[in-house]
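Read-outs throughout are calculated quantities, based only on the coordinates presented, and are distinct from any laboratory measurement. On a predicted model such as this, the values are computed, not experimentally measured, just so you know. Heads up, the Cβs are rebuilt from the backbone with ideal geometry, glycines too, and the neighbour counts pull from every protein chain shown.
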Amino acid sequence: MHPNPSPSPLALPLTPRPPAFLLQVHRAHQLPVGDFPDVTKFRNTMLGHELTKFPKLDKHQVEALESVLSVDIPRLLAMFPQVGTYPYPHP
């Protein structure tokens, strides 16, 4: 354990605004602010967890997931008929 660990973003004082790190993620990835959790509720939930014990991100798993989302799922969806392309009229 480090003698002077950096403060956790969850240790920031409660505020109605999202903390700066969430705003940075919002801007960097062009995500809607509404997609982020309620900061107070999230902070309270995470207080029961030791973040340093979470497993490290596996880059190979992330790459595999990106491939599934960007290649495999679109290919699968292309196999389904599109709306309005049915061979017979609908009632």
Starting from the 7 Å offset along Cα-to-Cβ, what nm value, one decimal, do you get for the label separation of H29 and Q82? 3.0 nm
All aspartates and glutamates inside 19 Å of K59 as judged from Cα atoms, apart from same-chain residues fewer than 8 positions distant: D72
Using Cβ contacts closer than 10 Å as the measure, can you line up E66, E50 from fewest to most? E50, E66
